[in-house]
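**Q** There's a structure below that I have some questions on.
The values are calculated or read from the model by the stated rules, or taken from the named source; none is laboratory data. Bear in mind that the values here come from a model prediction, so they are computed numbers and not experimental data. Using ideal geometry, Cβ is built from the backbone for each residue, glycine included, and neighbour counts are taken over all protein chains shown.
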Amino acid sequence: MRPFRLFAPLVLALSCTAAAAGTTVKLGPSPVLGGGEYSTGGGVTVAVELRNWAGKTGLCGVWAESERLTAYVRHKGNVVLRKGSIALGKEVLTYNLNFLEQVAPSQSYSGAPAGCVRLKRDWRAGDANRPLEVRIPRQELHFGRSGNRGGGLRVTFRDTGHANPALTSGSLLPKKWTSFGSWSGKIE
């Protein structure tokens with residue numbers, strides 16, 4: 001009986017919202033943008049669109065993070081996306097945006113290879129005309145901190161209302177110094 005109690009929440013969490021569509025598609029001409037910025041500079045942009053997949057609701061999208069982030073928040077975009085959601089009107093369609101495909105920051109995400117998810121929700125007449133909204137709540141990321149004791153660094157992520165936060169610069173240091181890899185800036 002005890003193993004069932006341990007695995008039941010996991011099974012429920014995985015089966016409640018979405019079933020993977022299994023394909024990567026390209027985003028259409030006008031995906032909805034959302035995201036936010038870190039208090040240390042730079043940010044994350046999410047671009048999503050709604051699809052009708054054989055009578056079921058589908059979501060496709062990408063995410064990008066600034067190229068020049070401080071070392072503390074590099075590769076933390078997926079942590080921030082875990083707490084995000086996508087809503088259609090007042091109805092939340094899905095939580096945890098880690099199904100999205102990561103891409104490089106861009107002025108336009110039209111045509112970008114997107115990660116998709118097919119929801120259990122039936123497609124309804126008028127869905128294509130309802131407003132789609134990306135919601136990523138304000139979050140605090142803690143670094144170098146142990147338990148409830150003080151110390152360490154706290155970085156805040158929040159929605160600032162900018163249309164494409166991934167295009168903002170996150171570091172005042174030269175790009176060459178904030179790149180991964182060798183001193184030449186090339187990844188080896």
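**Q** Suppose the filter is closer than 25 Å to HIS75 by Cβ and either in a loop (DSSP other than H, G, I, E, B) or at pLDDT 95 or above (or both); does SER146 pass it? Even if it seems obvious, please write down each step before you answer.
**A** Values: closer than 25 Å to HIS75 by Cβ: yes; either in a loop (DSSP other than H, G, I, E, B) or at pLDDT 95 or above (or both): yes.
Yes: the conditions hold for SER146.
**Q** Test VAL92 against the criterion of being in contact with a strand residue (DSSP E or B) (Cβ under 8 Å, 6 or more places away or on another chain), modelled with pLDDT of 95 or more and within 14 Å of ASN164 (Cα to Cα), and give yes or no.
**A** Working: in contact with a strand residue (DSSP E or B) (Cβ under 8 Å, 6 or more places away or on another chain): yes; modelled with pLDDT of 95 or more: yes; within 14 Å of ASN164 (Cα to Cα): no.
When the stated conditions are applied, VAL92 does not pass them.
**Q** Kindly indicate whether any position in region 57-71 is part of a strand (DSSP E or B), surrounded by fewer than 22 Cβ atoms within 10 Å (Cβ to Cβ), modelled with pLDDT under 95 and not small (Gly, Ala, Ser).
**A** no
**Q** List pairs: first in region 105-117 and over 21 Å from GLY58 (Cβ atoms), second outside any loop (DSSP other than H, G, I, E, B) and hydroxyl-bearing (Ser, Thr, Tyr), Cβ under 8 Å, 6+ apart or cross-chain?
**A** PRO105/THR45
**Q** Any residue at all in region 79-93 that's part of a loop (DSSP other than H, G, I, E, B), free of Cβ contacts under 8 Å to residues at least 24 places away in the same chain, on the phi < 0 side of the Ramachandran plot and out of contact with any Cys (no Cβ under 6 Å at 6 or more places or on another chain)? Break it down stepwise before answering.
**A** Applying the first criterion (part of a loop (DSSP other than H, G, I, E, B)) to region 79-93 yields 83-84, 89-90.
Then keep just the ones that are free of Cβ contacts under 8 Å to residues at least 24 places away in the same chain; that gives 90.
Cutting the leftovers down to on the phi < 0 side of the Ramachandran plot gives us 90.
Now restrict to residues that are out of contact with any Cys (no Cβ under 6 Å at 6 or more places or on another chain): 90.
Checked region 79-93: at least one residue is part of a loop (DSSP other than H, G, I, E, B), free of Cβ contacts under 8 Å to residues at least 24 places away in the same chain, on the phi < 0 side of the Ramachandran plot and out of contact with any Cys (no Cβ under 6 Å at 6 or more places or on another chain).
**Q** Let me ask another. Take region 46-64 and flag every residue that is out of contact with any Asp or Glu (no Cβ under 7 Å at 6 or more places or on another chain) and hydrophobic (A, V, I, L, M, F, W, C).
**A** Correct list: VAL46, ALA47, VAL48, TRP53, ALA54, LEU59, TRP63, ALA64.
**Q** Which condition number in (1) out of contact with any Leu (no Cβ under 6 Å at 6 or more places or on another chain); (2) of a type in the set (A, V, I, L, M); (3) under 14 Å from LEU119 (Cα atoms) is the one that ILE86 fails?
**A** Status for ILE86: all satisfied but (1).
**Q** If the Cβ limit is 9 Å and pairs must be 6+ apart or interchain, which residue in region 29-57 that is farther than 23 Å from ARG124 by Cβ pairs with which residue that is in a loop (DSSP other than H, G, I, E, B) and of a type in the set (Lys, Arg)?
**A** Correct list of pairs: GLY36/ARG138; TYR38/LYS76; GLY41/ARG68; GLY42/ARG68; VAL44/LYS76.
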